1. Please give the strands (runs of 3 or more DSSP E) falling wholly within region 54-131 in which 2 or more residues are surrounded by 20 or more Cβ atoms within 10 Å (Cβ to Cβ).
2. So, in region 246-263, of the ones that are part of a loop (DSSP other than H, G, I, E, B) and among the charged types (D, E, K, R), which residue ends up nearest to ALA232 (Cα to Cα)?
3. Give the residues of region 59-101 that are at pLDDT below 90, closer than 26 Å to LYS261 by Cα and not polar (S, T, N, Q), sorted by residue number.
4. Looking at the structure I just gave you, is THR37 of a type in the set (S, T, N, Q) and in a loop (DSSP other than H, G, I, E, B)?
Amino acid sequence: MKKTIAIILSALLIIGTISIAAVSAASGTKIVLNGTTYECGEGDTITYTINMTTPEVIENGQFIIYYPSSLLSISDIKFDSILGTPLVNYTENVTDEIDFNFSKYDGYDFTAKRLLIEVSFSVKSAGNGEISLDRSASNLFICNLNDVNITNSVTFEEILGNVTKIEDSTSTEPSSSDVTQPTTVQPKPDPKPTTPKPSKVTKKKSNPIKVTVKTKTVKKSKLKKAKQTVKAITVKKAKGTVSYKKVSGSKKLTISKKNGKITVKKGKYKKTTLKIKVKVTAKGTKTYKSKSITKTVKVKVK
């Protein structure tokens, strides 16, 4: 009988140990989003969702999301079906960012709230980190008005799912019931001055921007009636905001500094080939350097 009791007690102790271990493993990772702290555990899957509403139909957009790659691993990325397949760049355990952009001539209708992006993360280790949308690097342009950036008038709704919201423990003051008032208060000696440590300089990586150009053709009959716009420059893998600048070339050609579209001025033309030299610059990020590439673009008039 005593032997049976001992076996039962041993089994109960094992079950208790497993339960305690499971509880302790279920927490330990804290993620901050817009000043609110959430808690999750190793092995959990959490979602970060951005819904977007724009005042008008947009032709293109560019975004950067920062996340702690030492704590979270990307398992899936979803977009609203109207975006099709945006250009997405990220490198696990190398950069702490997801870069994505999209562009379509006839535009995307986000005037009613729609999903912009949903990222599923696997929690791989305990620690503290933050997820954020870099709004300073976001660019949204109205359809057919490509020089008008409306990012500041766009509404972003950010949601962190499958996590537990917790209170921030920022106050360290004890409650009045725990405080014993001293009879004599001695002044504290002045602290010794400390020499600030030099900040660590992180060497930035080379910007992987790629620029390709195509020769475009416009009809002289159309140019008699109105100016014509062509898209001859394609940019891929750029890190940071992309801008365009005319370096030299025909006075009859201009370029949008925001999206790189080239405009041929209205007028009477003979068959000819117009040229423009363009400098394309990727501003860079906290991880990547700024980089510029210069290309010559040809526009044939027939």
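The values are calculated or read from the model by the stated rules, or taken from the named source; none is laboratory data. Since this is a predicted model, take the numbers as computed values, not measurements. Neighbour counts run over all protein chains shown; Cβ positions are idealised from the backbone, glycine included.
1. On the way: elements: 58-66, 72-78, 87-89, 97-108, 114-123, 127-130.
Here the list reads 58-66, 97-108, 114-123.
2. Just the residues of region 246-263 that are part of a loop (DSSP other than H, G, I, E, B), to begin with: 250-252, 256-261.
Retained after the next criterion (residues that are among the charged types (D, E, K, R)): 251-252, 257-258, 261.
Details: LYS251: 17, LYS252: 16, LYS257: 14, LYS258: 14, LYS261: 7 Å.
Step by step, filter region 246-263, then rank; the result is LYS261.
3. Result: GLU59, GLY61, GLY84, PRO86, LEU87, VAL88, ASP99, PHE100.
4. Values: of a type in the set (S, T, N, Q): yes; in a loop (DSSP other than H, G, I, E, B): no.
Against the criterion (of a type in the set (S, T, N, Q) and in a loop (DSSP other than H, G, I, E, B)), THR37 does not qualify.
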